[in-house]
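Notes follow once the structure below has been shown.
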Amino acid sequence: MTAKFKTLFFVKSSLIFLYLALTIPIPFISIERLKILSIILFIFGFFLIINVTSDYVETNDEKVSYESSFLAKLFGRKSWEIFWQDIKLIKSLPTSQGSKVHYIITNKKKSFLIPQRIEDLNRFLSIISKKTGLNIDEISYISPLWTYKLLTLISLLMIIGEIIAFLN
């Protein structure tokens, strides 16, 4: 059975709304001869941020795969796939912010970062555990979900503030 795990909605929305909050004013405050260019770049950037946040993980009976969008690949984010029988262990490393990142280590000693910002992470981890027999108890979201919700809210408030300032 195939299962698909997309990027968390609040991760995606926080990045999109932050982009909008930071860039909406630019076309309005740019000098007249740069307005069209700033609008084109704004639209291109919006397309880019949506595209880059559209990665997903897919599992089936044979393998787990991470699929990056075309533009994300251009910026260096690689897609990968690992057959279940090739997974040797899961290695955890601390981050400078106090959380942990986790890597799948294969029999050939290749490392692949486990996506920790996907929808239904617990189901994804249970599939890994079921298919490999490895302990996944330590793995969770890389940062608390409330941080993404807060960033989304703050970004929305910034956008509202910009609209109010523009209308006055």
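Computed from label points 7 Å out along Cα-Cβ, the spacing between residue 126 and residue 61 is 2.0 nm. Distance between the modelled labels on residue 29 and residue 41, one decimal in nanometres: 1.4 nm (7 Å Cα→Cβ projection).
Among 64, 57, 101, 11, the order by Cβ neighbours within 10 angstrom, fewest to most, reads 101, 57, 11, 64. The GNM of the chain, with springs linking C-alpha atoms under 10 angstrom apart, assigns the highest mean-square fluctuation among 95, 152, 23 to 95.
About its Cα centre, the dipole of the chain is roughly 420 debye, where the only charges are +1 on Lys and Arg Cβ and -1 on Asp and Glu Cβ.
Once Cα Rg over 2.2 N^0.38 Å is calculated for the structure shown, the corresponding label among [x] 1.16; [y] 1.74; [z] 1.27 turns out to be [z].
Does a label point 7 Å from the Cα of residue 166, set along Cα-to-beta-carbon, have any residues of the range 20-53 with amide nitrogen under 13 Å, and which are they? Only 20-30, 39, 42-43 pass the distance filter.
With R₀ set to 25 Å, the beta-carbon distance separating residue 138 from residue 73 gives a calculated FRET efficiency near 0.25.
What is the local net charge at residue 48, summed over the other residues whose Cβ is closer than 15 Å to its Cβ (Lys, Arg +1; Asp, Glu -1)?
Charge balance in the 15 Å sphere: +2.
Ranking of 139, 31, 163 by neighbouring Cβ atoms within 10 Å, starting from the fewest: 31, 163, 139.
Specify which residue in the list 27, 17, 111 is farthest towards the positive end of the charge dipole of the chain, using unit charges on the beta carbon of Lys, Arg (+1) and Asp, Glu (-1), about the Cα centre. About the Cα centre, the residue reaching furthest to the positive side is 111. Principal-axis analysis of the Cα atoms of the chain puts helix 9-23 at an angle of about 30° to the longest axis. Gain on full extension, evaluated as 0.36 nm per residue between residue 109 and residue 2 minus their Cα-Cα distance, stands at 35.9 nm.
Here the 3J(HN,Hα) profile of the range 40-49, calculated from phi with Karplus coefficients 6.51, -1.76 and 1.60 at θ = phi - 60°, is 4, 5, 4, 5, 4, x, 4, 4, 4, 5 Hz, Gly and Pro shown as x.
Starting from the Cα of residue 78, draw a straight line to each of the lysines and keep only those under 17 Å, dropping any in the same chain fewer than 8 residues away. In chain and number order, the partners are 6, 63, 110.
Any read-out appearing in this document is the output of simple, stated calculations on the displayed coordinates, not a laboratory observation. These numbers were taken from a predicted model, which means no experiment stands behind them. In this analysis, Cβ positions are derived from the backbone assuming ideal geometry, glycine residues included, and neighbour counts consider all displayed protein chains.
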